[in-house]
Amino acid sequence: MNNIFNFKRFCAITAKEIREYFRNYGTSIISVMGIYLLFLAFPLFIGGTVSELSRINMIMFMTAVIMIIAPSKLYGTVNHYRKGLNYVLLPVSTLEKTLSMFLITAVYTTFIITAGLLILDTVVHLIIPSRLNEMLFTAHSMELMGIEIISLLVIQSWFVLGNMLFRNQKVAKTILCLLGLVILIGLLLVFVFRIVGYEKVGLFIEEQLSYISLNIDGSKIRLFGIADSREILKAIPIYKTMMTIQYILWAVVSLGCWTGTYRLIKTRKY
Amino acid sequence: MIQINDLSFNYSRNKVFEHLTLSLEKGNVYGLLGQNGVGKTTLLKIMAGLLKSERTACMVNGFHPYKRQPSFLADIYYLPEEPACPPGTVGELGHNYGTFYPGFKIEQFYSLLERFEVKPEKKFKDLSAGQQKKAHISYALSLNTGILLLDEPSNGLDIPSKALFRSIVSGYINDDRIMVISTHQVRDLENLIDPVIILDNKEVLLHATIQEISEKVCFITKSDNDPEALYTKKTPLGYAMVKSNTQGLDTKVNLEALFNAVLSHKEWFNEQFKEYDHE
């Protein structure tokens, strides 16, 4: 018997977790979809419309909530001294358990909630096209949501690690840790800027921003809310370097969090 | 088999075991006895891989338990004293988890549930604590693992269920299996456990088969107290006592009396039983 990875075992544990999925998380997903439906229905009563941008923002917000809560809802008991025993004693390797966790939280959950909300949006659009200006199934909307989802996956990996690290109030504690980390990085930047000199930093930023064209296309401003500033920011010389650093950081953080989760599943004492 | 060799274990500064050595062979139902806090549950958890031991200190079927490899996990199951209840129905426990164990038989699971009068379609949360325990015992037994570790299995069971449990377990054991039962309720498991392991602070006080015990000590009831007895308890029938078996009497082992005798005469038992090497 292969003790590291066996495809049949991996499929079996993934199938088991999919079977249990809607019992553990179905209510939350349906509730979120209900909230989105209310969000779409509300303007009907006041006679307004819902713009494409606000719908995309709302879908992304809902997706973010579902993705962040997913680890604690689906795997919250894994490190519990009593409730986690059935999971840890299951004759499946740690790698298979971690990969299945990834598949369920990162891929399956994201797909279910995004697809669900988009289908709901489309159905409402087909029923009352006059109140929802455009369909969201456009290449541009999909691209924007895709980028947002990638960044959400990075954040989710942090919450997956937090779920394994903390025994209770997992989401709250992980958010606090995230805030702590942001403050720490902020302080570090302040320290670096102090060494370099605030004036020099200010001049550098001004110089970089001066490359941005003042003739901005109105359709692009409209989408600033969901961070589609790439077209405009491309003019900045260091933009490409910044993006490369960001993608590397995302990859490192995600990989680090999932590796940490693997280690914690493997070494947790009960 | 389970081989524990020079095992030392502690929770921060609290030492639980120090140089513990023990060997458990197939074909036996081991009774793990001891006072509260001597480390019965800890020992079971180490065997199951839930707690970390030194690599060579605990080997189960040739595996280091803490590595929790699928080959190891497929042949061992640990049932805690208070098992957590999964969210679904009793039947779902078998369907969702049991299928990972190569020896699991769903028909056996349902048959045991029927004997315990637990309905598989019932949700765990709707069952009483005793019924939940019965469901978990049925599940544990139907996995048919080579090693089954039960922590206080008779706790929470009603009197008929205890008798049923004894009957089911005695039919379960065969030459390829090891069962370790940790218990305080020695009376519940009398006639079932053999050999007996009594743990005391950090070490094994007694590790002997029922036959070895009855060769060394006898369990008798007399109208008068005997000062030479290792343990005496006044009962309505007279004085129930545990004595050194100098006359070669063949008496039925009373586990509760034995346990008390061992605790009060540790050195005597240590001296008498050291000829039986179970390490």
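Bear in mind these aren't lab numbers, they're just calculated from the coordinates by the rules spelled out. None of these values were measured; they are calculated from a predicted model. Cβ sites come from the backbone with ideal geometry, for glycine too, and all protein chains shown count toward neighbours.
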Among A:Ile112, A:Ile66, A:Ile128, determine the one that fluctuates most according to a GNM of chain A built with springs between C-alpha atoms less than 10 Å apart. A:Ile128
Using θ = phi - 60° and Karplus 6.51 cos²θ - 1.76 cosθ + 1.60, couplings along region B:93-98 (whole Hz; Gly, Pro as x): 4, x, 5, 7, 10, x
Give the dimensionless ratio obtained when the Cα radius of gyration of region B:1-119 is divided by 2.2 N^0.38 Å. 1.22
Can you pull the Kirkwood radius for chain A, inverse mean 1/r over Cα pairs, to one decimal in Å? 21.4
Give me P(r) over chain B, computed from all C-alpha to C-alpha distances, binned every 10 Å, as integer percentages. 6, 27, 33, 22, 10, 2
So if we plug the beta-carbon distance of B:Asn260 and B:Thr99 into 1/(1 + (r/R0)^6) with R0 = 51 Å, what FRET efficiency do we get, rounded to 0.05? 0.70
Let's test the formula: R0 of 41 Å, r as the Cβ-Cβ distance of A:Thr241 and B:Asp6. What FRET efficiency results, to the nearest 0.05? 0.10
Label point distance in nm, B:Lys274-B:Asn36, each placed 7 Å from Cα along Cα→Cβ: 3.3
Cα-derived Rg over Rh, computed across region A:1-149 with Rh taken as Kirkwood radius: 1.09
Diffing region B:116-130: the Karplus 3J(HN,Hα) column from phi (6.51, -1.76, 1.60, θ = phi - 60°), in whole Hz with x for Gly and Pro, holds 7, 6, 10, 7, x, 7, 6, 7, 4, 5, 8, 9, 6, 4, x
Ranked B:His136, B:His19, B:His265, criterion: other C-beta atoms within 10 Å, fewest first: B:His19, B:His265, B:His136
May I ask you to list the residues of region B:235-251 whose amide nitrogen lies under 16 Å from a point 7 Å from Cα along the Cα→beta-carbon direction of B:Ser223? B:235-240
Under 5 Å between amide H atoms, partner at least 5 residues away or on a different chain: which partners does B:Val217 have, H built in plane at 1.01 Å? B:Asn245
May I ask you to give the average projected area over all directions of the convex hull of the Cα atoms of region B:63-179, in nm² rounded to one decimal? 7.0
Per-residue Cβ counts within 10 Å, from other chains only, averaged over B:76-88: what number is that? 4
Would you calculate the volume per residue, in Å³, of the smallest convex hull containing every Cα atom of region B:142-185? 75
Within 10 Å of each Cβ in peptide B:43-49, how many partner chain Cβ atoms are there on average? Round it to a whole number, please. 2
Per 10 Å bin from zero, what fraction in whole % of the C-alpha pairs of the protein assembly as shown is there, up to the bin with the longest pair? 3, 14, 20, 19, 15, 11, 8, 5, 3, 1, 0, 0
Evaluate the relative contact order of chain B (contact order divided by residue number), counting alpha-carbon pairs under 8 angstrom at least 6 apart; express in whole percent. 21
Shielding by partners for B:63-72, please: the mean number of other protein chain Cβ atoms within 10 Å of each residue's Cβ. 5
Which whole-percent values make up P(r) of region A:111-196 when all C-alpha to C-alpha distances are grouped in 5 Å steps starting at zero? 3, 11, 13, 14, 12, 12, 12, 11, 7, 4, 2, 0, 0
Could you pull the Cα extents of region B:158-254 along its three principal axes, largest to smallest, in whole Å? 43, 32, 29
In region A:65-170, what is the volume of the convex hull around the alpha carbon atoms, normalised per residue and reported in Å³? 121
Among A:Lys83/B:Lys45; A:Lys97/B:Lys52; A:Lys8/A:Lys73; B:Lys45/B:Lys162, which pairs are too far apart, with a Cα-Cα distance over 22 Å? A:Lys8/A:Lys73; B:Lys45/B:Lys162
What are the membrane-span-like helices in chain A by this rule: whole DSSP H runs, Cα extent along the axis at least 20 Å, mean Kyte-Doolittle hydropathy at least 0.0? A:7-46, A:52-75, A:109-127, A:139-165, A:170-196, A:239-267
Taking only C-alpha positions in region B:96-163, Rg and Dmax in angstrom work out to 11.8, 33
Sort A:189-198, B:92-101, A:168-177 by the packing proxy (mean of other Cβ within 10 Å over each peptide's residues), most packed first. B:92-101, A:168-177, A:189-198
